[in-house]
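The block underneath contains the structure these notes are about, expressed in structure tokens.
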Amino acid sequence: MAARAGWRNDLMLAGATALATLAIYRHVVRPAPQAPRTQGVQSTLADEGDRGRLASAPSQIPRAGWKDILLRTYQQIDEDRLLATAAGVVFYGLLAIFPAITALVSSYGLFADPSTISSNLQSLALMLPEGSFAIVQDQIARVLAKGTSTLGLTFAIGLLIAIWSANAGMKAIFDALNVVYDEKEKRGFIKLNLLSLSFTVAGLISIMVMVGAVVMVPLLLQQVGLGTRAELIVRFGRWPVLLLLLLTALAVLYRYGPSRTKARWQWLSVGAVAAAVLWLIGSALLSWYLANFGDYNATYGSLGAAIGLMTWMWMSAIIVLCGAELNSEIEHQTVLDSTEGRRKPLGARGATMADTVGEAT
């Protein structure tokens, strides 16, 4: 009962954080000054009505324009076969999980007692479906069973395998983003792999830092005299921090993942906020549903936990790609240049969604 009550409190905190983020975003993002009217195709498209064809920022797009964007986004999700594309991303993600856990445990053992990593990771796994974290714990136990005498070699081999496997998963995400943005991969082999490896290494480092923070933050709070409030601060503070990390990671992924001229940050914000909020709420609801109603073990037997984890990963991939789809159609709504650098005319921007204009619905 106590665990279930704690879960309900966490669910309410996650929902409150998501709603607060939407409210803050609505008030912080102010409409930018209207761009001057131009001639030719821009003026012709403007004759369709006030649909945001001359918008220089998403905040300038009116309600009619957002209707166009949402309807096109819905259509493109089907045309781009986003559900199947997300499933492909999950496949590569599954290949990366176990070597990544091996690398994580090995690297953690370089500066702390590796036997404590399972309990520290528990507080970071609140969004996982019930039973899924047991898969992680089992792999941690296997690595620890090898003994600390081989930890250095385990670290080296596991880290190399994890980076290689996770790099394939990252490139699968890049491929999916190219599908969303109607782009073909134009980056060379070296450039593409250096970029995907950078994302992979950054992700591994972020996880290690977060695991370390689980231990260090309470200790630091005790040092400054907040030891009695440490648990409360960590309990309430982790959700805004998690959401901030998600927003940053998604915006960077949407900017550098597709093979195209990079979009300005303002054209990535709406999709990043939508994806982060939906992921937070969706993960909490899926975990709550599986904990209270769904019983994968009854259907899939010993594979129940693995199926729950795959379902969560699939949902996460769908949400990330839907956020990218939304961003692409927002860019598709305006005739003004949404890419970085000097303003360029339609057809010369190096990005399909910035070089064309979406149909009015």
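A short reminder: the numbers here are calculations on the coordinates, not readings from a lab. Remember, predicted model here, so these are calculated numbers, not experimental data. Counting neighbours? That spans all protein chains shown, and the Cβs are built from the backbone with ideal geometry, glycine included.
Quick notes
- Relative contact order, percent, the stretch 291-361 [alpha-carbon distance under 8 Å, six or more residues apart]: 20
- ³J(HN,Hα) computed for each position of the stretch 246-255 - Karplus, 6.51 cos²θ - 1.76 cosθ + 1.60, integer Hz, glycine/proline x: 5, 4, 5, 5, 5, 4, 5, 4, 5, 7
- Contact order for the stretch 243-361, expressed relative to its length and based on alpha carbon pairs under 8 Å spaced 6+ residues apart, stands at 27 percent.
- With a Förster radius of 22 Å applied to the C-beta separation of Ala141 and Val241, the computed FRET efficiency comes to 0.15.
- Peptides ranked, highest mean first, by Cβ atoms within 10 Å: ranges 265-272, 284-291: 265-272, 284-291
- Using only side-chain charges placed at the Cβ, +1 for Lys and Arg and -1 for Asp and Glu, the dipole size of the stretch 310-349 relative to its Cα centre rounds to 220 debye.
- Peptides 329-339, 56-66, ordered by how many other C-beta atoms sit within 10 Å of their residues on average, highest first, read 329-339, 56-66.
- Rounded to whole Hz, the Karplus (6.51, -1.76, 1.60) HN-Hα couplings of the stretch 306-322, x for glycine and proline: 5, 5, x, 5, 5, 4, 5, 5, 5, 4, 5, 5, 4, 5, 4, 6, 5
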